[in-house]
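Trainee: Please read through the structure below; I'll follow up with questions.
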Amino acid sequence: MVHPSHPGNVGAAARAIKTMGFHDLCLVAPRFPDVLDLPEAQSLASGATDVLAAVSIVPTLAQALAPTTLAFALTARARVLGPPPCDIRQAALATRDHLQEAAGLVAVVLGTERSGLTNDDIALCQRVCHIPANPEYSSLNVAQALQLAAWELRYALAGAAGLPLLPTTDGQHEAGALPAPNEKVQAFMAHWEQAVTEVGFLDPLHPKKLMPRMRHMFGRNGLSHDEVDMMRGLCTAMIKTAAKARR
């Protein structure tokens, strides 16, 4: 982050990258030298105070980018001169390919809250990177922009590393959530046919294709043990209700 002026943005940036599995945040000449200790930064970092504590602060962007092998200048403005442009998803894919080809260090560079990156800042980067936002209002808070960049990077890198993209539960599924065997499903279908007949929805003399269609419908759903038991309870209630109505 180049010349960040708001401590809250620094804290929010630390949180943004930690949620996506990153931890290396560098500040170039922040407005407040003690920005990492300011209450707003600590508060908005939330559970990412470890990332905040490890932030490096350097006086120039050139020094920040010295160890990097690929740097993307994140900006909303098109530039007549400068490195070739790409969108943030292309940048993430290029990062993945770059890291697979060689052991390098990739940076995403964000400018000041008020004016963004200068042309001199961008000249130090290998690519210009854009987030395809609303062209009529493309102004993103720097921490928000970093969150989007970190998300795209995680998606590209996690896929390449074979990491899961969805949360999982620990241990086995509950027995009731497992698929019901065909024997149990067919017993339910017999019960269901009785129930819909009792309530007058199915006419046994003119059944048409009602039951085959219902069998196909329930078959597509892949009923679990719990779902079959629930539907059997509904069948019993329907049959009892119909019997009371006939009295």
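The values are calculated or read from the model by the stated rules, or taken from the named source; none is laboratory data. Note that the structure is predicted; figures quoted are calculated from it, not measured. Methodologically, a virtual Cβ is constructed for each residue, glycine included, from the backbone with ideal geometry; neighbour enumeration extends over all protein chains shown. These area figures cover heavy atoms from the full protein model, side chains too; ligands, DNA and RNA do not enter into them. Shrake-Rupley method; radii C 1.70, N 1.55, O 1.52, S 1.80 Å.
Trainee: Looking at (1) open to solvent by 100 Å² or more (accessible area, probe 1.4 Å); (2) touching a Phe, Trp or Tyr at 6+ places or on another chain (Cβ under 7 Å), which is the one condition that is false for PRO167?
Mentor: Every listed condition holds for PRO167 apart from (2).
Trainee: Using beta carbons and a limit of 7 Å, which pairs, at least six apart or on different chains, have the first residue in the range 70-82 and among the small types (Gly, Ala, Ser) and the second one at pLDDT 85 or above and open to solvent by 90 Å² or more (accessible area, probe 1.4 Å)?
Mentor: Short answer, once both residue conditions are applied: GLY82/ASN119.
Trainee: Same structure again: Checking the condition among the aliphatic types (A, V, I, L, M), over 18 Å from the mean Cα position of the chain (by Cα) and open to solvent by less than 80 Å² (accessible area, probe 1.4 Å), which residue from ILE88, ILE131, ILE122 passes?
Mentor: Within the list ILE88, ILE131, ILE122, the selection yields ILE122.
Trainee: List, please: which pairs have Cβ atoms under 6 Å, are six or more places apart or on different chains, and start with a residue in the range 1-25 that is among the polar types (S, T, N, Q) and end with one that is in a helix (DSSP H, G or I)?
Mentor: From the range 1-25, the pairs are ASN9/VAL142; ASN9/ALA143.
Trainee: Please state which of the following conditions THR95 fails to meet, knowing it meets all the rest: (1) buried (at least 18 other Cβ atoms within 10 Å of the Cβ); (2) among the hydroxyl-bearing types (Ser, Thr, Tyr); (3) under 19 Å from LYS18 (Cα atoms); (4) without any contact (Cβ under 8 Å) to a residue 60 or more places away in the chain.
Mentor: Among (1) buried (at least 18 other Cβ atoms within 10 Å of the Cβ); (2) among the hydroxyl-bearing types (Ser, Thr, Tyr); (3) under 19 Å from LYS18 (Cα atoms); (4) without any contact (Cβ under 8 Å) to a residue 60 or more places away in the chain, THR95 violates only (4).
Trainee: Exactly one condition in (1) more than 15 Å from ALA150 (Cα to Cα); (2) open to solvent by 30 Å² or more (accessible area, probe 1.4 Å); (3) touching a Leu at 6+ places or on another chain (Cβ under 6 Å); (4) in a helix (DSSP H, G or I) is false for ILE57; which is it?
Mentor: (4)
Trainee: Of everything in the range 104-119, what is open to solvent by 40 Å² or more (accessible area, probe 1.4 Å), part of a loop (DSSP other than H, G, I, E, B) and in contact (Cβ under 8 Å) with a residue 24 or more places away in the chain? Give them in sequence order.
Mentor: Across the range 104-119, the qualifying residues are LEU105, GLU113, ARG114.
Trainee: OK, next. Can you name the number of the only condition in (1) open to solvent by less than 60 Å² (accessible area, probe 1.4 Å); (2) farther than 23 Å from TYR155 by Cβ; (3) in a loop (DSSP other than H, G, I, E, B) that LEU81 fails?
Mentor: (1)
Trainee: Test ARG220 against the stated conditions and say whether it is of a type in the set (Lys, Arg) and modelled with pLDDT of 95 or more.
Mentor: Considered against the rule, which asks whether it is of a type in the set (Lys, Arg) and modelled with pLDDT of 95 or more, ARG220 comes out as no.
Trainee: On to the next question. Kindly indicate whether any position in the range 49-70 is modelled with pLDDT of 95 or more and under 17 Å from LEU140 (Cα atoms).
Mentor: No.
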